[in-house]
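The values are calculated or read from the model by the stated rules, or taken from the named source; none is laboratory data. As the structure is a prediction and not an experimental result, all values here were calculated from the model. Note: ideal-geometry Cβ built from the backbone for every residue, glycine included; neighbour counts use all protein chains shown. Areas reflect the complete protein model, heavy atoms only, side chains present, ligands, DNA and RNA absent. Shrake-Rupley method; radii C 1.70, N 1.55, O 1.52, S 1.80 Å.
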Amino acid sequence: PGEPPPRLGGLTGRARVLHASDAAGLRARLPAADVLLVWDFLSDAVRDAWPGEGPRPRWVHTASAGVDRLMFPELVDSDTVLTNARGIFDQPIAEYVAALVLAMGKDLPRTLALQMSHEWRHRESQRIAGTRACVVGSGPIGHAITAQLKALGITTALVGRRARAGIHGPADLDRLLARADWVVCAAPLTEDTRSMFDARRFGVMQPAARFINVGRGQLVVESDLVDALHKRWIAGAALDVFEHEPLEPDSPLWTAPGLLVSPHMSGDTVGWRDELGRQFMELYGRWEAGRSLTNVVDKKRGYVPGN
């Protein structure tokens, strides 16, 4: 609701474009659609509308990096090709993570709070260069975050689904968490990663560590994170994604000590919707010409393979 529609003027004369704002409208249009563009990627309308009689689109594109809302059996088991917005959000999210690291290391939230109360309080801040980071999630976003943190002088280890050149496997995760000053979660949401950051994992981290999640909210057991912050198992955290969005006004996350809350905005820079529209138009051109699509999701894994 309230989201501006994509700019698809380039399809004029090439395709008939129909819009649906809810599951009921989508259900009525699906049998006649060859292609489905999921523009509101936070909606469950596709999941609700997809089951039923009649043909379904041969290609579904979601204007998001994550595809977890589309991982329902009827779509996963179908012959429909699924693509995502891989490549659009990598650098913006990496910049946002770097900003969070600098903000927490340099104690900027407290500086702003002290300014609001007209209080002059000198402090010492953390030297960022020479610290260690563990980035969980070896897709393009994880790679971009790793490069950005290394540019700050941070020794960074990248963890993926399996070990390969330059990437650690899951067996190394606990060891890396125990040494990290910064733990950044940028993993896709799958059955293997759901709730992966829980009380045990926060307990593995050192007391000076900070945790950042820019992946999906369901990767974190939020009550365990709140508990870890209150018990000072870790020094702080920053969440840009949450199990339920928008975050409820009475959520304990708002007041958890050392926690920065942002409203799922890490990848959204000025002009991002236009970039998503252009990407879809490029993919549509390939589909129209009968060429193979890029950004094809492995529906069994829940992400685009590679890296």
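Descriptive notes on the structure:
- Residue-by-residue Karplus 3J(HN,Hα) for the stretch 181-198, coefficients 6.51, -1.76, 1.60, Hz, glycine and proline x: 7, 10, 10, 10, 9, 9, 7, x, 8, 9, 5, 7, 9, 4, 6, 5, 9, 10
- Listed peptides 281-291, 64-74, 222-232 by packing density, highest first (mean Cβ within 10 Å): 64-74, 222-232, 281-291
- 5 angstrom amide H check on residue 259, placed H, neighbours 5+ away: 237
- Within a straight-line Cα-Cα reach of under 16 Å, residue 300 cannot be paired with any lysines, leaving aside sequence neighbours fewer than 8 residues apart in one chain.
- Karplus-derived HN-Hα couplings along the stretch 94-108 (A = 6.51, B = -1.76, C = 1.60, θ = phi - 60°), whole Hz, x at Gly and Pro: 4, 5, 5, 4, 4, 5, 5, 4, 5, 4, 6, x, 9, 6, 5
- DSSP bridge pairs, the chain: antiparallel proportion in percent, nearest 5: 10
- Summed over qualifying helices (DSSP H, 4 residues or more, each -39500 (n - 2.57)) and divided by its residue number, the chain shows a 222 nm mean residue ellipticity of -8500 deg cm²/dmol.
- Principal-axis analysis of the Cα atoms of the chain puts helix 140-151 at an angle of about 30° to the longest axis.
- Highest average packing first - 9-20, 251-262, 89-100, Cβ atoms within 10 Å: 89-100, 251-262, 9-20
- ³J(HN,Hα), Karplus 6.51/-1.76/1.60, whole Hz, each residue of the stretch 10-17, x for Gly, Pro: x, 8, 4, x, 10, 7, 8, 9
- Just so you know, the averaged projected area of the alpha carbon convex hull for the stretch 175-296 sits at 9.6 nm².
- Average accessible area per residue (Å²) across the stretch 81-234 - probe 1.4 Å, nucleic acids and ligands excluded: 48
- Directionally averaged projected area (convex hull, Cα atoms, the stretch 16-106), nm²: 7.2
- In this structure, the amide hydrogen of residue 59, modeled 1.01 Å from its nitrogen in the peptide plane, lies closer than 5 angstrom to those of 36, 81, counting only residues at least 5 positions away or on a different chain.
- Summed residue charge, Cβ within 14 Å of residue 16's Cβ, Lys/Arg positive, Asp/Glu negative: 0
- Whole-percent carbon and sulfur share, accessible surface of the chain, 1.4 Å: 52
- Remark: the stretch 68-167 carries a charge dipole of roughly 560 debye about the Cα centre, counting +1 on each Lys and Arg Cβ and -1 on each Asp and Glu Cβ.
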